[in-house]
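The values are calculated or read from the model by the stated rules, or taken from the named source; none is laboratory data. Since the structure is predicted, the reported quantities are computational estimates derived from the model, not experimental observations. Quick reminder, even Gly has a Cβ in these numbers, built from the backbone with ideal geometry, and neighbours come from all protein chains shown. Protein only, heavy atoms only, side chains kept; ligands, DNA and RNA dropped before computing areas. Shrake-Rupley method; radii C 1.70, N 1.55, O 1.52, S 1.80 Å.
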Amino acid sequence: MNVSFTLNGRPVTWECAEGETLHSLLRRLGHLPMRNACDGEGTCGLCSVIFDRKTVNSCMILAAQADGHEISTVAHFSKERSLSIVQRALLDVGAVQCGYCTPSVVLALHALLDRSSEPGDREITDALSGILCRCTGYKQFYAAAHLAARRLKEPSYTEAAAPEFRKELRHVGKVREKVDARSLVRGERAYVEDRVEPDACILMMLGSPHAHAIVKRIDVSKARAVPGVVEILTYENCPDAVYCSAGQGFPEPSPYDRRMFSRRVRHVGDRVAAVMAENREAAKAALAAIEVDYEPLPPVLSVDEAAAPSAPIIHSGEVRYVTGTPPAGSSTAGDGQDDPIIYQFPIGADPHRNLAASAAGAVGDVERGFAEADVTIEREYTATQVHTTPMEPHVVYTRIEGERLVIHASTQVSWHLRRIVARVLGIPENKIHVIKERVGGGFGAKQDIVLEEVAAYLTWKTGRSVYYRLSRTEEFVASRTRHPMKIAVKLGAKRDGRLTAIEMRVRANTGPYGQHALTVPMNACSKTLPLLPCPNVHYDIKTYYTNTPVAGAYQGYGATQGSFALMTALAELAKKLELDPLAMIEKNRVRVGDRLDILSSLGEGRPGQALTIEQCSLGEAIEAGRRDLRWGTRVESGDPDWKIGRGAAIIQQGSGLPGIDLANAEIKLLTDGTFFLMSGGADIGTGLDTVTVKVAAEVLCVDMQAVAVISGDTETTPFDKGAYASSGTFYSGNAALIAARNLKMRLIEVGAALLAERPSDCEIFYPGVVRGKKGSISYADIALRSTSGDGSGELQAVGTFTTLHSAIPYGAHFVEAAVNVRSGEVKLRKYYAYQDSGTPINPDLALGQIYGAVVKSVGHSLYEEMVLDEKGRCRNPNFQDYRVPSVFEVPQDLRATLIPTIDPVGPFGGKSISEVSMNGAAPAIAAAIHDAVGAWVRVWPFTAERVLEAMGVLAAAGSTTKEDKRDTE
Amino acid sequence: MITRFVHPTSEEEALRIQKETPNAVFIAGGTHLLSPAFRDRPMAAVSIEGLLPREIRASAELLSIGALATLQELVESGGGAALDGARVSAGAAGSTAAARGSTAGAAGAAAPAAGVELALLGDAAASMGNRNVRNRATVGGNVAANKPSACLAPALLALDARLLLAGGARRTMADYLAAPGALIEAVEIPLVRGRAAAYRRWARTEGDISAVAVAVALRLSGSVVAEVRVGATGVRAAAAAGSAGMGSTHARAATAAAAGRGPAGVGTAASSEALPGAGRLAAVEALFEGSALLRRAEIERAVLPLLDATSDIRASAAYRRLRAAQLIADALLAAAAKAAGLAGAAGGARPGDPHAGSARNPGNPDERGRTKESTR
């Protein structure tokens, strides 16, 4: 049928199917910025359009219903690539991160300003109520709305988006436009989905309905006969290689324990068969036509079940070690019924007892430490399974170009992706070109090769392009989640609060495959214990296989769970000692000059590095929180139902993996004197490209506009480990810095030669000049002359960065919560985050990273939880039932404060920022709840129900652990 | 899955096409029919855009809401509850929590026609915390979809709303919900002098659908409850309560309404549990009609045994019941306080419950006065 409407001010008449949604029609005709994160459920709002002056979800309107109406997309507001007042404001306040939700935010704020020229916060909340964003924490959207409204009256109005740092520097520490933000705020082509050509085949996956089963028979003959079906893959015809999906540095501290398809399915949604077809309908019909007989096996749904002596075994194949010998007593002989498991080196595994990895270590003598203690407590904390939920689900587009395989990827790890795909396909890496597109949210989930290898193999095999995008349900059940953990903490202390011994026992659930099985739970210890240097420490971690959804990397990477356990235990101990919890933190926290021997045993499967702390701004952070929150005063709500309490926690993370990670960058001088920077680093919305451009421009004494960047492309940029372990700024930033320094030396050399002066007499000056004692020459002149017939060649330089130095970002988070004694509801009145990330290179974006991490971790602490039934099926695999924070859930008064230090190794003193801010919410909120109502909730999320239960008001689910009888005094 | 789309030019034609076409459904906003729950069900969509009333009109006796009015229009007609800072005072920063907790019923004089009813319905509509959806979802669609978490139904039940159906027939909400399907032209609410009302809900987050929602409308005679209606989602009358002989007529209707889940296939995508639909809680009404209101804790204790609930991912049955009893108590006392306020203007007495006001805004402890700080 035909439909006629006004689109962005122009009449259009288009052909559409009768049941086609407006979203589908607009995208089909090239209007791309209407995204989709909820598969038409109406909960994400990323497909927003303005429909007769109101924002609506274009996925919940038929194209036919648009007939006769006026519709605007974000293109309406950026005619000829200009920026509207709202777009400009979003850029100016630093509110653009991954950009996937940004066009919808632009529309919502325009519609708001259309009806209210001076909107209050309440109206802004209402305007954004239908849009989900997982990056920003929504906070800066308010600033953008107010700024845009102000500029309606006063067009030239400007205000500081963030405090600035390092006066002596031109760009670093200053608020500058994020280098990819213009394109994102205009909703231009940026993501994998925008690259798909019309002739691409669709890939759809048949997922297992069972948590644990053997495929007894699979018959795809009827499915193959469906017109439009190109290829079907099962365990019978897929590549016979085992591998690991974790995008970690090789050799990985994770088992190679999965095949592309296996006879054994190990979780609900596990791969059974892939259908490649010319269209979605054919793919769906083929999926329905595949016949499978399963032999269901008893599922293992928890760590306790997995560790039981009689537990069903999830991996029963032969266990091999590339180097090293199997752990003593472990079983390696396979039963011939399952795929082999290969370990690159021993990580304390015993898969035939469901043990995917283990480790233990100690400093001092904990027995003696506990014997010396006046008081000991033992507690167990439970972190349930939460989901990463990037708004853009896992997605890939693969095609053949010449003799090579091109992978358009939404990934954090371009090079690991290339290596893993090469291994699975059995082809050399030089046949594979990975293009990292803009990533619509990564958060760690896209550190894993969740779907790329299947699409890549099918394209390589058939020669045809393949588009594969997980549905939101698949994203929940078959991508990557946070490792559920049970963490037992035993603390001993003297009366005055000084810790004499710490013991941490971590039991982690990796799901059916062991990606990150050692390192995530290791981080629960290695990113928390160093906060409390104590002479006697023992830790012991065990990671188990289960038949629950696959766990993986998630922002915080285990530190979040460890921090919840250790910091809450410290607060519980303070209570027991009748000490102020902040004084307890003060007494025991890490200080400059402390030597952290514990780190030497806490490596990534290899020996770690002991460290002496050279700088640490925790003292300032704690004092700031104490002052701003008026710690020590008690706040009454004036309503007997609502009790108010405070809590605080100190937190840390790392900045990459010293001795393991490496990053490269290249930079060259173009003939007009501008620069082209090729960074290996993967910007996943965090502002990493802005970091690399900033440091290069800073070093080269030019404006940021003089440096263009491409990044994360395996063909045109040099190797980089990828965006994980908080390594972006520190590693990729430093690589760009070194490349720029090397190019600066070349500029001086060549410039000096052209000036006929000694290089030692020359220096570079803003804006792009080499000046000697006698004269000066511009970069453009140097470039032109060096590329002419008698020139010395194009000026290029490479930077490689690796280090043994650990740059630890610290923070202190303070919470003031109101707890309702009738309902158990928890409302956050104040959330103050104080963060030391060295020199904040992008201060506005750094604040955005903190807000985003805080709001996300508040969600995990208060209501996010994947709920499985007794058969291992996820009962809430969608945004209606698994609630992520919406704009309503931003803490009432959310503040982030950057407390600068200067790291001796980081680029211009910078350290990491994004992950660390995930670690404070759970322990600070748990402490605040206790302060308010006197109950400890030791299972996250602290739902209203669990709070009432902990208070003894509601007897139910048994989800808090009793105070341990073994406490001593 | 919509396989056909027609947009007739009149209501009569729409009805005829719908009758003659297999799998035909009426479509207005489309937020329900285009949701994933219907993706595998072939449907022929008959658009009723522009064919049914959309106005919200009040006379001295009747409030009439056109079926095609959107939820957002209802919010705005309720005084812009979600937005109006004056009505909801400084609540949780940028949250409609306050709107949801606000008390319907214009205190004092100069109440606009149907102010009490529109405020209640505005609160109920605002409980759908998603402006994009409220801009499309219609009043008629919200009632006809009859989802277990339907946001308007508790309020409409409490207000004794009746539905004007295509062809001119009128049905009570309870009757309609027991067997939904007929095309709704308008919702009609007879206005009652002295009526006050309040809406309360609990959801895990502001953007979530309600796990429990309660609407109360009542009239006082002195300090005695002359008449009260309690509509709810998320809980139903306990089986024993129905047979206890309290409010037998109402109880039957409530049970029927609770049992009626609407047409097959209607429901949320992921929740397999059969949650009760919206219904009146007749036994609860019977408990209070003709007597003075108890104190809050006493109401909760009295109400709890009359309620039954189901566990799902949002809440256990036990928590649902507990919260429902609390929300009923809060809504009853808030409505009573309002009613007393109305009467107070005419010299009546105010029930003396110390907690009457404390249900005003569950979202924000600051609401009721300045927080106090003291040195500990």
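Evaluation of B:I299 against the conditions (1) in a helix (DSSP H, G or I); (2) open to solvent by 10 Å² or more (accessible area, probe 1.4 Å); (3) farther than 23 Å from B:A174 by Cβ shows that the sole unmet condition is (2). Screening A:S104 on (1) in contact with a strand residue (DSSP E or B) (Cβ under 9 Å, 6 or more places away or on another chain); (2) in a helix (DSSP H, G or I); (3) more than 10 Å from chain B (Cβ to nearest Cβ); (4) buried (at least 22 other Cβ atoms within 10 Å of the Cβ) shows it passes everything except condition (3). Based on this model, can you work out whether A:S316 counts as modelled with pLDDT of 95 or more, of a type in the set (S, T, Y) and either over 28 Å from the mean Cα position of the chain (by Cα) or surrounded by fewer than 16 Cβ atoms within 10 Å (Cβ to Cβ) (or both)? Considered against the rule, which asks whether it is modelled with pLDDT of 95 or more, of a type in the set (S, T, Y) and either over 28 Å from the mean Cα position of the chain (by Cα) or surrounded by fewer than 16 Cβ atoms within 10 Å (Cβ to Cβ) (or both), A:S316 comes out as yes.
Criterion applied to A:L847, A:L828, A:L795 was being among the aliphatic types (A, V, I, L, M) and in contact with a Ser or Thr (Cβ under 7 Å, 6 or more places away or on another chain), and the one residue passing it is A:L795. Screening B:R323 with (1) open to solvent by less than 30 Å² (accessible area, probe 1.4 Å); (2) away from chain A (no Cβ under 14 Å) gives one miss only, at (2). Answer yes or no: is there a residue in the stretch A:849-861 that is free of Cβ contacts under 8 Å to residues at least 60 places away in the same chain, open to solvent by 10 Å² or more (accessible area, probe 1.4 Å) and of a type outside the set (G, A, S). Checking the stretch A:849-861: not a single residue is free of Cβ contacts under 8 Å to residues at least 60 places away in the same chain, open to solvent by 10 Å² or more (accessible area, probe 1.4 Å) and of a type outside the set (G, A, S). When we screen A:E164, A:E118, A:E177 for residues that are within 13 Å of chain B (Cβ to nearest Cβ) and of a type in the set (D, E, K, R), the only hit is A:E118. Among the residues of the stretch A:272-280, are any in contact with a Gly (Cβ under 6 Å, 6 or more places away or on another chain), assigned to a loop (DSSP other than H, G, I, E, B) and more than 23 Å from A:T473 (Cβ to Cβ)? The answer is yes; a qualifying residue exists. Just name the residue that is most open to solvent (accessible area, probe 1.4 Å) out of those in the stretch A:616-644 that are among the charged types (D, E, K, R), out of contact with any helix residue (DSSP H, G or I) (no Cβ under 6 Å at 6 or more places or on another chain) and without any contact (Cβ under 8 Å) to a residue 24 or more places away in the chain. Looking at residues that are among the charged types (D, E, K, R), out of contact with any helix residue (DSSP H, G or I) (no Cβ under 6 Å at 6 or more places or on another chain) and without any contact (Cβ under 8 Å) to a residue 24 or more places away in the chain, I get A:R627. Within the stretch A:865-885, residues that are hydroxyl-bearing (S, T, Y) sit with their Cβ atoms under 8 Å from residues that are assigned to a loop (DSSP other than H, G, I, E, B) and open to solvent by 20 Å² or more (accessible area, probe 1.4 Å), at 6+ positions apart or across chains, in these pairs: A:Y882/A:E865.
For every residue, the table says whether it meets (1) in contact with a Lys or Arg (Cβ under 8 Å, 6 or more places away or on another chain); (2) in contact (Cβ under 8 Å) with a residue 12 or more places away in the chain; (3) surrounded by fewer than 18 Cβ atoms within 10 Å (Cβ to Cβ).
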residue: A:A190; (1), (2), (3): yes, yes, no
residue: A:E197; (1), (2), (3): yes, yes, yes
residue: A:G207; (1), (2), (3): yes, yes, no
residue: A:H210; (1), (2), (3): yes, yes, no
residue: A:R217; (1), (2), (3): no, yes, yes
residue: A:R224; (1), (2), (3): no, yes, yes
residue: A:R259; (1), (2), (3): no, yes, no
residue: A:A273; (1), (2), (3): no, yes, no
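Residues to consider are B:G94, B:G85; find the one that is open to solvent by less than 10 Å² (accessible area, probe 1.4 Å), modelled with pLDDT under 60 and out of contact with any strand residue (DSSP E or B) (no Cβ under 9 Å at 6 or more places or on another chain). After ruling out the rest, the residue left standing is B:G94. Within the set B:G30, B:G50, the sole residue that is on the phi > 0 side of the Ramachandran plot, surrounded by fewer than 19 Cβ atoms within 10 Å (Cβ to Cβ) and at pLDDT 95 or above turns out to be B:G50. If you filter the stretch A:16-29 down to residues that are touching a residue at least 12 places away in the same chain (Cβ under 8 Å) and charged (D, E, K, R), you find that the one that is nearest to the other protein chains (Cβ to nearest Cβ) is A:E18.
Residue by residue, here is whether (1) under 18 Å from A:H110 (Cβ atoms); (2) facing chain B (nearest Cβ under 8 Å); (3) within 23 Å of the chain's Cα centre (by Cα); (4) surrounded by fewer than 22 Cβ atoms within 10 Å (Cβ to Cβ) holds:
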residue	(1), (2), (3), (4)
A:A127	yes, yes, no, no
A:R134	no, no, yes, no
A:G137	no, no, yes, no
A:A143	yes, no, no, yes
A:H146	yes, no, no, yes
A:R150	yes, no, no, yes
A:E154	no, no, no, yes
A:A160	no, no, no, yes
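In the stretch B:35-55, of all residues being over 27 Å from the mean Cα position of the chain (by Cα) and without any contact (Cβ under 8 Å) to a residue 40 or more places away in the chain, the one that is farthest from B:T70 (Cα to Cα) corresponds to B:D40.
The residues of the stretch B:201-219 that are open to solvent by less than 10 Å² (accessible area, probe 1.4 Å) and either polar (S, T, N, Q) or not in a loop (DSSP other than H, G, I, E, B) (or both), listed by number, are B:T205, B:V212, B:A213, B:V214, B:A215, B:V216, B:A217, B:L218.
Tell me, yes or no, whether the stretch B:55-63 has at least one residue that is within 10 Å of chain A (Cβ to nearest Cβ) and among the small types (G, A, S). There is no residue in the stretch B:55-63 that is within 10 Å of chain A (Cβ to nearest Cβ) and among the small types (G, A, S). Determine if the stretch A:530-542 includes at least one residue that is without any contact (Cβ under 8 Å) to a residue 60 or more places away in the chain and within 27 Å of the chain's Cα centre (by Cα). Taking every residue of the stretch A:530-542 in turn, at least one turns out to be without any contact (Cβ under 8 Å) to a residue 60 or more places away in the chain and within 27 Å of the chain's Cα centre (by Cα).
Tallying residues that are over 25 Å from the mean Cα position of the chain (by Cα), under 14 Å from A:A478 (Cα atoms) and either of a type in the set (S, T, Y) or assigned to a loop (DSSP other than H, G, I, E, B) (or both) within the stretch A:249-265 yields 1.
Total residues in the stretch A:777-807 satisfying the condition of being farther than 13 Å from A:R746 by Cα, under 41 Å from the mean Cα position of the chain (by Cα) and aliphatic (A, V, I, L, M): the figure is 3. Please indicate, with yes or no, whether at least one residue in the stretch B:307-314 is closer than 20 Å to B:G277 by Cα, in a loop (DSSP other than H, G, I, E, B), under 21 Å from the mean Cα position of the chain (by Cα) and more than 10 Å from chain A (Cβ to nearest Cβ). Checking the stretch B:307-314: at least one residue is closer than 20 Å to B:G277 by Cα, in a loop (DSSP other than H, G, I, E, B), under 21 Å from the mean Cα position of the chain (by Cα) and more than 10 Å from chain A (Cβ to nearest Cβ). Is it true that A:S84 is more than 10 Å from every other protein chain (Cβ to nearest Cβ), surrounded by fewer than 24 Cβ atoms within 10 Å (Cβ to Cβ), touching a residue at least 12 places away in the same chain (Cβ under 8 Å) and touching a Phe, Trp or Tyr at 6+ places or on another chain (Cβ under 6 Å)? It is true that A:S84 is more than 10 Å from every other protein chain (Cβ to nearest Cβ), surrounded by fewer than 24 Cβ atoms within 10 Å (Cβ to Cβ), touching a residue at least 12 places away in the same chain (Cβ under 8 Å) and touching a Phe, Trp or Tyr at 6+ places or on another chain (Cβ under 6 Å). Residues in the stretch A:30-58 that are facing chain B (nearest Cβ under 10 Å), surrounded by fewer than 24 Cβ atoms within 10 Å (Cβ to Cβ) and of a type in the set (G, A, S): A:G40 only. Being over 26 Å from A:F676 (Cα atoms), assigned to a helix (DSSP H, G or I) and away from chain B (no Cβ under 14 Å): is that true of A:R182 here? Considered against the rule, which asks whether it is over 26 Å from A:F676 (Cα atoms), assigned to a helix (DSSP H, G or I) and away from chain B (no Cβ under 14 Å), A:R182 comes out as no.
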